[in-house]
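For reference, the structure discussed in these notes is given below.
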Amino acid sequence: MAAAEAVETMDGWYCLHDLRSIDWASWKMVPNDVRQAAIDELHALLAKWDAVEEAKQGSHVVYTVVGQKADIMMMILRPTMDELNEVETAFNKTKFADFLLPSYSYVSVVELSKYFPQKKDVDPETLPETQARLKPILPKWDYISFYPMNKRRAGEENWYALDFKNRAKLLYEHSKTGRKYAGRIKQIITGSFGFDDWEWGVTLFAHDAIELKRIVYEMRFDEVSAKYGEFGEFFVGNHLPNEKLAAFLQV
Ligand code: VOV
C-alpha cells in the first residue's frame, strides 16, 4: 500500500491549557491581608495579559471548571513557545499559585489545514482572514468545553492510511455539521503532534452550555468521528471575567 500524503498545516499561536485545583483549606487559613495581596497581584498579572491581548500579541481566557477534575482553566495563546513558557512561569511565581495544585495541562498550536484551498494560486496563509483565525482573540463566551483527541490508527480504521481525497471528503462532511452551529459554537482546533499526549486539542465556546453537548453528540455520527475519533478527558467550565475573580476567591 502506498503511503498516504500528509496535508499541509498552517500553524498560528502556541497554546497552553492550564488547569489547576485550589487548595481551599490552605487558602482559608491565611490572614485576610495575605489573601487580598494575592488577589491584587493576580489582578495585576491579568491586566498585563489584557494589555498583550489589546496589542494583539496573544490572547487568554479564564474559566472555572465544573466537577472535580480541576477548579480553574486558563487557556493562553502566545506567538512563541518561549513566551508561552514565560507566562506560565510568571503565573507560577505569584502568591496565588502557592495555593494551587496541578490538575492537567495541554500544549498545542492553533492549526488550520489546507484540505480546502479557497483560491487557486493564492497561498491561503497570506489571507487576512486566515491570519485572524491562526492568531485568534479568544471569545469570552459563557461556557467552554476542552478535550484532547486522536484520529484512530487501528486495523481497517486507520486515518493515516486513508488517501488525501477521502480524508478531505470526510472533513468536508464534518464541516457541514459544524457550520450548522454558526453563531452558537466557536471552535478552536489546536494541533499537538510532538507537543503533547494526544494529536489535537478541541476547544469549544458556547453561549448556552447545552449546545456543547449537542454538537459533540451530533458529530459522533459523522463518519470522521464515528470511525476515526478517539477522545481524552473532557473539561467543562463557566467564564470567569476579571470582575468576578474576587467574589470567586472570597472565603
Ligand atoms: C463550529 C463547528 C466546527 C466547524 C465549522 C468545523 C470545521 C472544520 C473544518 C472546515 C476542518 C478542516 C480544515 C481545517 O480547518 O483544518 C476541520 C478540522 C478539524 N476539526 Fe472541525 N469543525 C467544527 C467543530 C469541531 C469539533 C466539535 C471537533 C471535535 C470532534 C468531535 O467529534 O468531537 C472538531 C475536530 C476537528 C479536527 C480534529 C480537525 C483537524 C482534522 C485533520 O485531520 O486535520 N471540529 N473542522
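Rule-based calculations on the coordinates, nothing more; no lab input. Please read these numbers as outputs of a predicted model, since none were measured by experiment. Cβ: placed from backbone, ideal geometry, glycine included. Neighbour counts: every protein chain shown.
Structural remarks
- The stretch between residue 89 and residue 4, if pulled fully straight at 0.36 nm per residue, gains 26.6 nm over its current Cα-Cα span.
- Remark: segment 3-19, residue by residue, has Karplus-estimated 3J(HN,Hα) of 5, 6, 8, 5, 8, 6, 10, 10, 10, x, 6, 6, 9, 10, 9, 10, 10 Hz, where x stands for each Gly or Pro and the curve is 6.51 cos²θ - 1.76 cosθ + 1.60 at θ = phi - 60°.
- Helical content of the chain, expressed as a calculated mean residue ellipticity at 222 nm, amounts to -11000 deg cm²/dmol (DSSP H runs of 4 or more residues, -39,500 (n - 2.57) each, divided by residue number, nearest 500).
- Candidate lysines for bridging to residue 135, where Cα separation is under 17 Å - those fewer than 8 sequence places away on the same chain excluded: 56, 114, 186
- Taking a straight Cα-Cα cut-off under 21 Å and skipping sequence neighbours fewer than 8 places away in the same chain, the lysines within cross-link reach of residue 93 are 28, 48.
- Take every Cα pair under 8 Å whose residues are at least 6 apart in sequence, average their separation, divide by the length of segment 1-139, and the relative contact order is 43 percent.
- Positive minus negative residues near residue 61 (Lys, Arg vs Asp, Glu; Cβ under 10 Å): 0
- Check: the chain dipole with +1 on Lys, Arg Cβ and -1 on Asp, Glu Cβ, in debye: 740
- Residues whose amide H lies under 5 Å from that of residue 152, counting only those 5 or more places away or on a different chain, are 159, 229, 230; hydrogens are built 1.01 Å from N in the peptide plane.
- Cα centroid separation, segment 140-166 to segment 12-51 (Å): 33
- Normalised by the number of residues in segment 102-216, the mean separation of alpha-carbon contacts (under 8 Å, six or more apart) gives a relative contact order of 38 percent.
- Between residue 165 and residue 132, the FRET efficiency estimated from the beta carbon spacing at R0 = 30 angstrom works out to 0.55.
- For the pair residue 152 and residue 238 in one chain, pulling the backbone fully straight at 0.36 nm per residue adds 27.9 nm over the alpha carbon distance.
- Over the chain, the fraction of Cα-Cα pairs per 10 Å bin, rounded to whole percents and listed from the shortest bin up, is 6, 28, 34, 20, 8, 3, 0.
- Under Karplus coefficients 6.51, -1.76 and 1.60, residue-wise ³J(HN,Hα) of segment 68-74 in Hz, glycine/proline x: 8, 6, 5, 10, 10, 10, 10
- Whole-number percent relative contact order across the chain, with pairs defined as alpha carbons under 8 Å at least 6 apart: 27
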